Structures are given as C-alpha cells and as structure tokens.
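The values are calculated or read from the model by the stated rules, or taken from the named source; none is laboratory data. As the structure is a prediction and not an experimental result, all values here were calculated from the model. Heads up, the Cβs are rebuilt from the backbone with ideal geometry, glycines too, and the neighbour counts pull from every protein chain shown.
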Amino acid sequence: MRENFHKRLVAVKTADAINAIKGVPVSADAKLLSEKWVRGELTGEQMKQELLDLHRKIAAEEKSERLLSSKGCGA
C-alpha cells in the first residue's frame, strides 16, 4: 500500500507540474479527486468517471447560461 501511495503521489505531482507548464489550471475538484486516488479511496476508473461527470455538468451549465443569455439579448 505504501509503495502504491508513493507512486500515485509522484504521478499526481508530475501531472500537476505538466499542467502548470502548459498553463492549464487544475481545479479544486480535480485536486480533491486526485488526493482520494492517491490514498486509495478511488480507483483510477472511478476518478476518471467522476472527472467526466463533473466536466459534463460544467459544460451543461455553461450551455444553459449561454442559451439564457442569448434569449435575453433579443428581448
């Protein structure tokens, strides 16, 4: 378990560093999921699914806001 913890921690830190170099911010939600994965509370597949669900929710909210805003402009 300890070995997996260390490997996962290094993987998360590396991924975060690459994102920082590329100028891609890591959300607080993504950081929380990564921490859970490092501790073994989530599998990689569960973490991936939760991130996808989160991003789909954000995309749907943004789409809804754009639709409402475009309807408001024409009134």
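To keep it simple, each residue is scored yes or no on (1) under 23 Å from R2 (Cα atoms); (2) touching a helix residue (DSSP H, G or I) at 6+ places or on another chain (Cβ under 9 Å); (3) modelled with pLDDT of 95 or more.
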residue	(1), (2), (3)
I21	no, no, yes
S27	no, yes, no
L52	no, no, yes
R66	no, no, no
G74	no, no, no
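Has the range 63-73 got any residue that is part of a loop (DSSP other than H, G, I, E, B) and over 11 Å from the mean Cα position of the chain (by Cα)?
Filtering the range 63-73 down to residues part of a loop (DSSP other than H, G, I, E, B) leaves none.
No, the range 63-73 contains no residue that is part of a loop (DSSP other than H, G, I, E, B) and over 11 Å from the mean Cα position of the chain (by Cα).
Looking at (1) at pLDDT 95 or above; (2) part of a loop (DSSP other than H, G, I, E, B); (3) surrounded by fewer than 13 Cβ atoms within 10 Å (Cβ to Cβ), which is the only condition A17 fails?
(2)
Return a yes/no flag: does the range 39-46 have any residue that is among the β-branched types (V, I, T), surrounded by fewer than 10 Cβ atoms within 10 Å (Cβ to Cβ) and without any contact (Cβ under 8 Å) to a residue 12 or more places away in the chain. Before the answer, list the steps.
From the range 39-46, those among the β-branched types (V, I, T) are 43; that's our starting set.
Keeping just the survivors that are surrounded by fewer than 10 Cβ atoms within 10 Å (Cβ to Cβ) gives none.
Within the range 39-46, not a single residue is among the β-branched types (V, I, T), surrounded by fewer than 10 Cβ atoms within 10 Å (Cβ to Cβ) and without any contact (Cβ under 8 Å) to a residue 12 or more places away in the chain.
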